[in-house]
Amino acid sequence: MTFKKNLLILFSLLSFSILAQNDTIRLQSIEIISVGIPSLNSQSVRNIELLHDIKTFPAPSINDMLKYATNTDSRQRGSNGIQSDVSIRGGSYDETLILLNGIIMNDPQSGHHSMNLPVEMENIDHIEILNGPGARVWGMNAFSGAINLSTPYPLQNSAHFSVSAGEHNLLSNSLSLSSFHKNFGTYLAFNQKSCDGYNRNTDFNTRQLYIRSEYSGKYLHVDLQGGYTNKAFGANSFYSAKYPDQFENVVLKFTSISLSIFKTKNLSLKYYYRELKDKFELFRESPPSWYSGHNYHLTKVHGIDISYVFNWIIGKTSVGANFRSEQIYSNVLGNKMNAPIAVENESGVFYTRSKARSNSGIYINHSYNYKNLQIDAGIMGNFYSGKSFQYFPGIDIRYKVLKDLNFLVSYNKSFRLPTFTDLYYSGPSNQGNINLKPEEAQTIEAGLQFKKNNFQASLGAFQRFGSNMIDWVKHTDSVKWTTMNLTKVNVSGIELSLNYHFDKTSYFMFFIKAVELKFAYNNISKLSLQDYTSYYVLDGIHQKGTISILQGDVDHLYFNWYLNFQDRYGGYTDITTNKLLEYEPYFSLDVKVNYKLDVFNFYIECNNLTNAKYYDFGNILMPGRWIKGGISFNINFNKKPNNE
């Protein structure tokens, strides 16, 4: 049998991944918001995956942690979450909706920036991953799935501080404060991280500030959040292996406010503003004479969403509308401006191009329950500036076959708009295309969910039919990558998850507390452009599996083991030999050891313990073995003494 067939069998039988520690009730009570009509996790009709107990993961960033999800692909160009393209079910990074507490964070310049967030792992309570389209609620970009990151609710008076250090002069620290009084709470967090880099020109320095305030009254709930991020990093070969000494500086400013009116939160209004400033240097030092200068981009996004949820005799209905305005100022992207605008904090540099567009939609979704049957169905009507009105329907069905067994089936239609980079970017190795059409897809899926006592299992299959798919492609005789609408790209796949938690009184041998199986298999097929090489769309995950084991004694010492396997479609041109190479499958082992002592937690973390050599993008070699250690301090000021 071939290597790949052996791996398929191995991971179908043995792949394990940790979810949680004895908190099944908490998982069932988490409110899922990525499906449109808010519902408890235990009542969701969609395929939702939850990641929680975030601080136990042996991952240096949110981006790294997402690779432990069943069918989520987190392709990185650098380390520690500097830049990551996150996709779901074999899609591309522009086809995944990124949310922060239900607020859209996607960037219209490029999906490369959608994971530029004002929070780090230490600030996340849990992550919900919607495997499958969400366009009938969220509109554009919820093409193949959605990821919602939830920060803690400020419901107590507490403080958290952590500091860590590791190889390559990695230094990081995090401080968060939470206060709560009567109906008002505030959560404030600051993060800083720096490193000399694991390879030439891979150094970075990042700073993040985030605040979330909530007020809960009798008839009004207010959720206000804001954040700031500044990332400066060496971008070794990020966009072209021909020019490895690239450098980038990204500054994010973000704010949102959500109002829920009436005690049951029937009427909700949301407004958000996201601004991202990007400075890209093709040459960090000593540029050649032909180099005309750096690229400067500024995107400004305003969004409004209003929804009303009501219960009546035949179920629960949600109606709503959303509007999103996107603007870019650049010296590269967009149409020429009549009057250039000076770039802030840059002497003699101007934005000479700009482009604005808007997108609006209205939707209705209904949830109906009858005995063992639950049906969620809806439709969105969408209008993209300058284009016709389009409809995106969907239906999800869950039927309780047995007491502990559910059957799920669904159909959904989705779309995504081309980014400003897709439309306008022109460089030494790239050429955009202003005639791109939005891409569309229809997805059908079915699955089984089983849950009894400490054991949970799910098995699902899906088929996505994509048309007018947008990708950067290169003809065999060309030197430039060009954006085109591929006629059709279809993706089919299977997903498997098995989880078992051992009771405290009956831990398995070697103090094993929990194990879980996660495995995904995707088949990506293109039906056109046979003489072209794909840069993104056809380089998705082929096979993926994770074996995770949580070990530990009753109170203090815990070991978290994650053995990962990944096999990717596609390939890249080796810069030294000019030969086309396929991405090689690889194994990697991550481990984190925690020692908890009262309010302190000491930990040692090792990523890629096996020192596997692998590439997520082209010629960019990912880090080998990397060890770090740290200490965190947590105190709850509301905790009562034992004698009270």
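The values are calculated or read from the model by the stated rules, or taken from the named source; none is laboratory data. Because the structure is a prediction, the values reported are computed rather than measured. Cβ sites come from the backbone with ideal geometry, for glycine too, and all protein chains shown count toward neighbours.
Right, residue 322: surrounded by fewer than 19 Cβ atoms within 10 Å (Cβ to Cβ) and either in contact (Cβ under 8 Å) with a residue 60 or more places away in the chain or part of a strand (DSSP E or B) (or both) or not?
no
Can you find even one residue in the stretch 450-468 that is crowded, with 21+ Cβ neighbours inside 10 Å and over 30 Å from residue 402 (Cβ atoms)?
Looking for residues that are crowded, with 21+ Cβ neighbours inside 10 Å and over 30 Å from residue 402 (Cβ atoms), one finds at least one in the stretch 450-468, hence yes.
Which ones in the stretch 246-267 are part of a strand (DSSP E or B) and either among the charged types (D, E, K, R) or under 24 Å from the mean Cα position of the chain (by Cα) (or both)?
Result: 247, 248, 249, 250, 251, 252, 253, 254, 255, 256, 257, 258.
Tell me the residue from 218, 270, 193 that is outside any strand (DSSP E or B) and closer than 28 Å to residue 152 by Cβ, please. Write out each step before concluding.
On the way: 270 fails: outside any strand (DSSP E or B); 193 fails: outside any strand (DSSP E or B).
The match here is 218.
Conditions: (1) of a type outside the set (Ser, Thr, Tyr); (2) in a loop (DSSP other than H, G, I, E, B); (3) surrounded by 15 or more Cβ atoms within 10 Å (Cβ to Cβ). Residue 161 meets all but one. Number of the miss?
(2)
Restricting to the stretch 368-381, count the residues that are farther than 26 Å from residue 324 by Cα and in a strand (DSSP E or B).
So the count comes out to 6.
Any residue at all in the stretch 318-329 that's modelled with pLDDT under 95 and within 30 Å of residue 403 (Cβ to Cβ)?
Yes, because at least one residue in the stretch 318-329 is modelled with pLDDT under 95 and within 30 Å of residue 403 (Cβ to Cβ).
Okay, residues lined up against (1) out of contact with any His (no Cβ under 9 Å at 6 or more places or on another chain); (2) among the hydrophobic types (A, V, I, L, M, F, W, C):
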position	(1), (2)
162	yes, no
169	yes, no
177	no, yes
181	yes, no
186	yes, no
202	no, no
208	yes, no
225	yes, no
235	yes, yes
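Among the residues of the stretch 60-107, how many are crowded, with 24+ Cβ neighbours inside 10 Å, in contact with a helix residue (DSSP H, G or I) (Cβ under 6 Å, 6 or more places away or on another chain) and not in a strand (DSSP E or B)?
So the answer is 4.
Being of a type in the set (D, E, K, R), within 25 Å of residue 553 (Cβ to Cβ) and in contact with a strand residue (DSSP E or B) (Cβ under 6 Å, 6 or more places away or on another chain) is the filter here, so list the residues in the stretch 594-642 that pass it.
Passing the criteria: 605, 628.
List, please: which pairs have Cβ atoms under 8 Å, are six or more places apart or on different chains, and start with a residue in the stretch 371-400 that is free of Cβ contacts under 8 Å to residues at least 60 places away in the same chain and within 22 Å of residue 439 (Cβ to Cβ) and end with one that is outside any strand (DSSP E or B) and not aromatic (Phe, Trp, Tyr)?
Correct list of pairs: 387/438.
Does the stretch 404-427 contain any residue that is over 16 Å from residue 361 (Cα atoms), at pLDDT below 90, over 24 Å from the mean Cα position of the chain (by Cα) and of a type outside the set (S, T, N, Q)?
yes
Got at least one residue in the stretch 11-28 being of a type outside the set (Ser, Thr, Tyr), modelled with pLDDT of 65 or more and within 27 Å of residue 377 (Cα to Cα)?
no
Looking at 203, 196, can you tell me which residue is modelled with pLDDT of 95 or more, surrounded by fewer than 18 Cβ atoms within 10 Å (Cβ to Cβ) and acidic (Asp, Glu)? Don't jump to the end; show me each part of the working.
Values: 203 fails: surrounded by fewer than 18 Cβ atoms within 10 Å (Cβ to Cβ).
Of 203, 196, the one residue that is modelled with pLDDT of 95 or more, surrounded by fewer than 18 Cβ atoms within 10 Å (Cβ to Cβ) and acidic (Asp, Glu) is 196.
The conditions are (1) touching a Leu at 6+ places or on another chain (Cβ under 7 Å); (2) outside any loop (DSSP other than H, G, I, E, B), and residue 243 fails exactly one of them. Which is it?
Result: residue 243 fails condition (2) only.
Answer yes or no as to whether residue 112 is within 13 Å of the chain's Cα centre (by Cα), closer than 18 Å to residue 44 by Cβ, surrounded by fewer than 23 Cβ atoms within 10 Å (Cβ to Cβ) and not β-branched (Val, Ile, Thr).
In short, no.
In the stretch 596-639, which residues are without any contact (Cβ under 8 Å) to a residue 24 or more places away in the chain and basic (Lys, Arg)?
625, 639
What are the residues in the stretch 391-426 that are of a type in the set (A, V, I, L, M, F, W, C), touching a strand residue (DSSP E or B) at 6+ places or on another chain (Cβ under 6 Å) and crowded, with 21+ Cβ neighbours inside 10 Å, if any?
If the condition is that a residue be of a type in the set (A, V, I, L, M, F, W, C), touching a strand residue (DSSP E or B) at 6+ places or on another chain (Cβ under 6 Å) and crowded, with 21+ Cβ neighbours inside 10 Å, then 392, 415, 420 are the ones that fit.
Quick one: count up the residues across the stretch 502-536 that are polar (S, T, N, Q) and at pLDDT below 75.
6
Could you tell me whether any residue of the stretch 489-501 is part of a strand (DSSP E or B), hydrophobic (A, V, I, L, M, F, W, C), modelled with pLDDT under 85 and in contact with a strand residue (DSSP E or B) (Cβ under 6 Å, 6 or more places away or on another chain)?
First, pick out the residues of the stretch 489-501 that are part of a strand (DSSP E or B): 489-501.
From what is left, the residues that are hydrophobic (A, V, I, L, M, F, W, C) are 489, 491, 494, 496, 498.
Right, trim to modelled with pLDDT under 85 and you get none.
Looking for residues that are part of a strand (DSSP E or B), hydrophobic (A, V, I, L, M, F, W, C), modelled with pLDDT under 85 and in contact with a strand residue (DSSP E or B) (Cβ under 6 Å, 6 or more places away or on another chain), one finds none in the stretch 489-501, hence no.
Anything in the stretch 338-361 that is surrounded by 16 or more Cβ atoms within 10 Å (Cβ to Cβ) and assigned to a strand (DSSP E or B)? List them, or say none. Working first, answer last.
Taking the stretch 338-361 as the starting set, the residues that turn out to be surrounded by 16 or more Cβ atoms within 10 Å (Cβ to Cβ) are 343, 349, 351-355, 357, 359-361.
Result: 351, 352, 353, 354, 355, 357, 359, 360, 361.
Pick out the one residue from 339, 356 that is without any contact (Cβ under 8 Å) to a residue 12 or more places away in the chain and closer than 24 Å to residue 423 by Cα.
The match here is 339.
Does residue 387 meet the test of being part of a strand (DSSP E or B), out of contact with any Phe, Trp or Tyr (no Cβ under 8 Å at 6 or more places or on another chain) and among the basic types (Lys, Arg)?
In short, no.
What are the residues in the stretch 221-240 that are of a type in the set (Ser, Thr, Tyr) and either over 21 Å from the mean Cα position of the chain (by Cα) or part of a strand (DSSP E or B) (or both), if any? If you could, list the steps in order and put the result at the bottom.
Just the residues of the stretch 221-240 that are of a type in the set (Ser, Thr, Tyr), to begin with: 228-229, 237, 239-240.
Correct list: 228, 229, 237, 240.
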